[in-house]
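Asker: Supplied in structure tokens, the structure appears directly below.
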Amino acid sequence: MAIIVQKYGGTSLQTTEKIKQAADRIIGEQAKGNQMVVVVSAMGDTTNRLVQLSREVSSCTNGREKDLLLATGEQVSCALMALALQEKGLASIAITGGQAGIEVEHRHGNAEITSIDTRKIKKELQEGKIVIVAGFQGRAANGEVCTLGRGGSDTTATALAAALKADRCDICTDVDGVYAADPRVIPNAQKYSSMDYDSLLTMAEMGAGVIHPRAVAHAKAYQVPLVVRSSFCEKPGTWISNDPLPASVAGVTYQTNLCHLRLSGSRLKKEKLWRWLKDTDVIGTTSVHSRLEEFILVIKEDDLNQIITYLDQSKDQLGIQAIQTEIEKAAIHLIFGKEEMKRKQNASLNEKEWMPLEEIYHIDSHPAVWSASVPEAHGKELARQLYDAFMNVKQHKFPLAY
């Protein structure tokens with residue numbers, strides 16, 4: 001009997017009606033003879049509403065109490081999903097991350113999973129139950145609830161799949177697979193039938209919202225068979241494996257609501273800043289590039305206050321003499337298969353007169369990605385033009401699903 005792990009995101013569980021629809025999908029998978037473990041996110045914008053509630057009662061951002069509050073969002077979805085399945089006559093059980101045996105480091109807001117004790121889940125599966133797990137959370141050694149940060153439910157799913165040696169991990173979302181570009185921005189974007197871990201990881205780090213980068217990295221490390229598919233229809237999704245894409249360009253991503261932070265100083269301690277970024281939840285949503293006496297962060301507006309607070313407190317230790325903030329930015333990323341492919345196209349990219357680029361920049365951690373800051377008002381149109389110029393389907397042999 002195969003073990004299938006499925007993860008349902010917030011948009012897939014936005015209403016009780018959608019929860020019941022997802023329950024039908026789960027029942028369909030179990031009917032094929034599979035043992036089912038289901039990881040759920042909070043319903044819709046529940047997490048944002050919980051954050052707002054905390055701000056209304058206190059300006060203090062106590063990590064412990066905030067984690068305890070935010071973890072309830074996934075627990076609500078978890079209980080409702082189990083109830084929906086029970087209403088349809090299926091044996092199911094809802095458990096928190098801690099009850100599922102997910103052990104994490106004692107770090108509130110962005111904990112890493114350290115180990116998973118699968119005995120509880122396996123026992124419930126052997127009894128014929130569908131196991132519903134609240135994503136985004138785990139239990140520290142001292143019993144405290146700690147959340148996993150952005151994309152925590154994706155990470156929960158891939159980590160559980162690895163620990164259970166699952167036959168497949170489905171990331172069920174509001175799109176039916178991985179596209180070469182966001183179809184909401186570029187309507188003619190084509191869907192991949194298959195893709196390699198590295199290409200998906202780069203696309204995720206450059207803003208493709210279909211899955212969190214940390215979950216992809218985890219799936220790759222443990223060779224979890226991964227499928228990105230729709231929560232609402234039976235269309236085949238995108239299989240993720242080690243097989244590299246044959247194409248020279250993997251995709252185009254477009255990001256909005258960004259800020260530029262320009263840090264300058266003759267004695268910038270860039271390595272120390274890098275270490276801090278890696279220890280916080282801004283990594284994966286932050287693009288970084290540096291020059292001789294300048295360090296530029298391209299970050300989401302939501303992260304601005306957190307980063308500014310740290311930088312103001314650490315100016316002397318980091319050697320920062322000035323911080324310049326630029327808001328309402330957008331960025332386009334063209335993701336090449338290899339760095340040499342990017343070099344071949346650099347001249348034509350940089351000479352495109354039809355692209356009113358504000359700044360072309362190099363992302364230190366992604367040498368095969370061409371990136372540019374663009375006016376937000378023109379960003380979508382520029383993304384479409386870039387896609388048409390470099391990802392014309394007739395010129396590339398992609399494993400595309402039409």
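Asker: What about Lys88, is it among the charged types (D, E, K, R), more than 28 Å from Gln52 (Cβ to Cβ) and either without any contact (Cβ under 8 Å) to a residue 24 or more places away in the chain or surrounded by 16 or more Cβ atoms within 10 Å (Cβ to Cβ) (or both)?
Answerer: Working: among the charged types (D, E, K, R): yes; more than 28 Å from Gln52 (Cβ to Cβ): yes; either without any contact (Cβ under 8 Å) to a residue 24 or more places away in the chain or surrounded by 16 or more Cβ atoms within 10 Å (Cβ to Cβ) (or both): no.
No.
Asker: When the range 31-53 is examined, which residues are found to be more than 16 Å from Gly10 (Cα to Cα) and either outside the structural domain of Thr96 (by TED's automatic domain parsing) or surrounded by fewer than 17 Cβ atoms within 10 Å (Cβ to Cβ) (or both)? So that I can check it myself, show each step before the final result.
Answerer: Just the residues of the range 31-53 that are more than 16 Å from Gly10 (Cα to Cα), to begin with: 31-37, 52-53.
Answer for the range 31-53, where residues must be more than 16 Å from Gly10 (Cα to Cα) and either outside the structural domain of Thr96 (by TED's automatic domain parsing) or surrounded by fewer than 17 Cβ atoms within 10 Å (Cβ to Cβ) (or both): Ala31, Lys32, Gly33, Gln52, Leu53.
Asker: Among the strands (runs of 3 or more DSSP E) contained in the range 75-152, which hold 1 or more residues that are farther than 20 Å from Val5 by Cβ? Step through it out loud before you land on a result.
Answerer: On the way: elements: 92-95, 102-104, 113-116, 130-134, 137-139, 145-147.
The qualifying strands (runs of 3 or more DSSP E) are 145-147.
Asker: Keeping to the range 54-85, report how many residues are polar (S, T, N, Q), surrounded by fewer than 14 Cβ atoms within 10 Å (Cβ to Cβ) and touching a residue at least 40 places away in the same chain (Cβ under 8 Å).
Answerer: 0
Asker: For the structure I just gave you, tell me whether Glu301 is under 15 Å from Leu261 (Cα atoms), modelled with pLDDT of 80 or more and either surrounded by 18 or more Cβ atoms within 10 Å (Cβ to Cβ) or assigned by TED's automatic domain parsing to the domain that holds Arg275 (or both).
Answerer: Answer is yes for this residue.
Asker: A follow-up question, please. Read through the list (1) over 21 Å from the mean Cα position of the chain (by Cα); (2) closer than 23 Å to Gly177 by Cβ; (3) free of Cβ contacts under 8 Å to residues at least 60 places away in the same chain, then give the number of the only condition that Gly44 fails.
Answerer: It is condition (1) that Gly44 fails.
Asker: Tell me whether the range 31-39 contains one or more residues that are part of a helix (DSSP H, G or I) and farther than 16 Å from Val133 by Cβ. Walk me through how you get there before you give the answer.
Answerer: Taking the range 31-39 and keeping what is part of a helix (DSSP H, G or I), we get none.
Taking every residue of the range 31-39 in turn, none turns out to be part of a helix (DSSP H, G or I) and farther than 16 Å from Val133 by Cβ.
Asker: When the residues of the range 212-231 are filtered to those that are in contact (Cβ under 8 Å) with a residue 60 or more places away in the chain and among the hydroxyl-bearing types (Ser, Thr, Tyr), which remaining residue is farthest from Asp196 (Cα to Cα)?
Answerer: Per the criteria, the residue is Ser231.
Asker: Restricting to the range 103-123, name every residue that is touching a helix residue (DSSP H, G or I) at 6+ places or on another chain (Cβ under 6 Å) and among the β-branched types (Val, Ile, Thr). Outline the logic, then answer.
Answerer: Pass one, the range 103-123, residues touching a helix residue (DSSP H, G or I) at 6+ places or on another chain (Cβ under 6 Å): 108-109, 113, 116, 118.
Ile113, Ile116, Thr118, listed by residue number.
Asker: Could I ask something else about it? Between residues in the range 372-389 that are in the same structural domain as Asn257 (by TED's automatic domain parsing) and buried (at least 18 other Cβ atoms within 10 Å of the Cβ) and residues that are of a type outside the set (D, E, K, R) and part of a helix (DSSP H, G or I), which pairs lie under 6 Å by C-beta distance while being six or more apart or on different chains?
Answerer: Short answer, once both residue conditions are applied: Val374/Leu382.
Asker: Would you be able to tell me the number of residues in the range 1-30 that are in a loop (DSSP other than H, G, I, E, B) and touching a helix residue (DSSP H, G or I) at 6+ places or on another chain (Cβ under 8 Å)? I'd like the intermediate steps shown before the answer.
Answerer: Narrowing the range 1-30 to residues in a loop (DSSP other than H, G, I, E, B): 1-2, 9, 14-15.
In the following step, the residues that additionally are touching a helix residue (DSSP H, G or I) at 6+ places or on another chain (Cβ under 8 Å) were identified as 9.
Residues flagged as in a loop (DSSP other than H, G, I, E, B) and touching a helix residue (DSSP H, G or I) at 6+ places or on another chain (Cβ under 8 Å) within the range 1-30 amount to 1.
The values are calculated or read from the model by the stated rules, or taken from the named source; none is laboratory data. If you're wondering where the values come from, they're calculated on a predicted model, not measured in any experiment. Positions of Cβ are backbone-derived with ideal geometry, glycine not excepted, and every protein chain shown enters the neighbour counts.
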